[in-house]
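One structure is given here, and the rest of the page talks about it.
The values are calculated or read from the model by the stated rules, or taken from the named source; none is laboratory data. Not measured: the values here are computed from a predicted model. Don't worry about glycine lacking a Cβ; one is built from the backbone with ideal geometry, like all the others, and counts go over all protein chains shown. These accessible areas exclude ligands, DNA and RNA; they are computed on the full protein's heavy atoms, side chains included. Shrake-Rupley method; radii C 1.70, N 1.55, O 1.52, S 1.80 Å.
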Amino acid sequence: EAQVTQNPRYLITVTGKKLTVTCSQNMNHEYMSWYRQDPGLGLRQIYYSMNVEVTDKGDVPEGYKVSRKEKRNFPLILESPSPNQTSLYFCASTPRHNTGELFFGEGSRLTVL
Amino acid sequence: DAKTTQPPSMDCAEGRAANLPCNHSTISGNEYVYWYRQIHSQGPQYIIHGLKNNETNEMASLIITEDRKSSTLILPHATLRDTAVYYCIVNFNKFYFGSGTKLNVKP
């Protein structure tokens, strides 16, 4: 089954404790991206990647890192999480950056205390 | 990259057509218009996309004006399950979602 898989789905952590949210897609897509969603602010893009070893900042990259060492994986890294990073996070992928539908993961709800 | 403007909310009676407008006046010639919807806190779901011509699929129709500065998503017979937030986005390098339109389908 074609899908985008995120882990963990739910996480409660404390300020400053490094964490990684994994994202994996099995569709051989070139383009992958991360979004965060907060009440009243819609979906905001954090980082995106148009191919392996190619990443770029979205609209809200501060406090986040990403890597794209393999085509299928695009982990989101929070080196030192803070409470303002409490949010619902979505990973998405699409065959190419300028055409085709985005496939979304089920979301990861992160709470930073 | 072009951004979009959508009304924050709309109501529609069940069984009637829902027409959701989107303004994208700064769209470039090679940017597609995409529509997605999000039900509760699930991942957004693709609905339809187009470049210049009107498009139709099993979910909806997309009408794009001739100057491409605006578009309308049409759900021909809205059901309660169509209650969701609908996002209109234009894309080249980035998929910018914005806040969307909350469609409330009422019995």
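Taking every protein chain into account, the 1.4 Å probe leaves A:GLU79 with about 80 Å² of accessible area, to the nearest ten. Counting heavy atoms of the protein chains alone, A:MET27 has an accessible area of about 40 Å² for a 1.4 Å probe.
Between A:PHE74, A:GLY63, B:SER99, the Cα set farthest toward the positive side of the dipole of the protein assembly as shown (charges on each charged residue's Cβ, about the Cα centre) is that of A:GLY63.
Over segment B:1-65, with every protein chain in place, what whole percent of the accessible area is carbon and sulfur at 1.4 Å, could you tell me? Answer for segment B:1-65: carbon and sulfur cover 45 percent of the accessible area. Its Cα gyration tensor gives chain A an equivalent ellipsoid. The semi-axes, each the square root of 5 times an eigenvalue, are 22, 14, 13 Å from largest down. One compactness figure for the protein assembly as shown is 1.02, namely its Cα radius of gyration divided by 2.2 N^0.38 Å.
Rounded to the nearest 20 debye, the dipole magnitude of segment A:37-113 is 200 debye, with +1 charges on Lys and Arg beta carbons, -1 on Asp and Glu beta carbons, and the Cα centre as origin. Each label point was placed 7 Å from the Cα along the Cα-to-Cβ direction; for B:ALA13 and A:GLU79 their separation is 5.8 nm.
Cross-link pairs exceeding 19 Å in C-alpha to C-alpha distance, out of B:LYS3/B:LYS94; A:LYS57/B:LYS94; A:LYS57/B:LYS3; A:LYS17/A:LYS57, comprise A:LYS17/A:LYS57. The charge dipole of chain B, taken about the Cα centre with unit charges on the Cβ atoms of Lys, Arg (+1) and Asp, Glu (-1), comes to about 200 debye, rounded to the nearest 20.
For the protein assembly as shown, the solvent-accessible area works out to 48 Å² per residue, with a probe of 1.4 Å and every protein chain left in place.
Note on the protein assembly as shown: with charges restricted to the Cβ of Lys and Arg (+1) and Asp and Glu (-1), its dipole about the Cα centre is near 480 debye. Have a look at segment A:89-113 and report residues whose accessible surface goes down by 50 Å² or more when the remaining protein chains are included, against the chain on its own, probe 1.4 Å, ligands and DNA/RNA excluded. Checking the loss per residue gives A:HIS97, A:ASN98, A:GLU101, A:LEU102, A:PHE104.
Positive-end ranking of B:ALA60, A:TYR31, A:LEU19 along the dipole of the protein assembly as shown, with charges on Cβ about the Cα centre, is headed by A:LEU19. Spin-label model, A:GLU1/B:THR65: points 7 Å from Cα along the beta carbon direction are separated by 4.2 nm.
The fraction of all Cα pairs in chain B landing in successive 5 Å bins from 0 to the largest distance is 2, 14, 25, 26, 19, 9, 3, 1, 0, given as whole percents.
I need the calculated FRET efficiency for the pair A:ARG96 and B:ASN57, taking r as the beta carbon distance and R₀ as 25 Å, to the nearest 0.05. Could the numbers behind the result be given before it?
On the way: r = 20 Å, r/R0 = 0.80.
Efficiency at R0 = 25 Å is approximately 0.80.
Working with all protein chains in place, sort A:GLU1, B:GLU55 by solvent-accessible area computed with a 1.4 Å probe, largest first.
Working: A:GLU1 180, B:GLU55 70 Å².
Listed by decreasing accessible area, they come as A:GLU1, B:GLU55.
Across A:PRO61, A:PRO39, A:PRO81, mean-square fluctuation computed from a Gaussian network of chain A (C-alpha pairs under 10 Å connected) peaks at A:PRO39. Tell me whether segment B:54-107 comes out rounded, prolate or oblate; compute the Cα gyration tensor, take square roots of the eigenvalues as a ≥ b ≥ c, and use a/c under 1.5 as the rounded threshold. Here segment B:54-107 falls in the oblate category. If a spin label sat at a point 7 angstrom from the Cα of A:THR22 along the line to its beta carbon, the backbone N atoms of segment A:48-77 nearer than 13 Å would be those of A:72-76.
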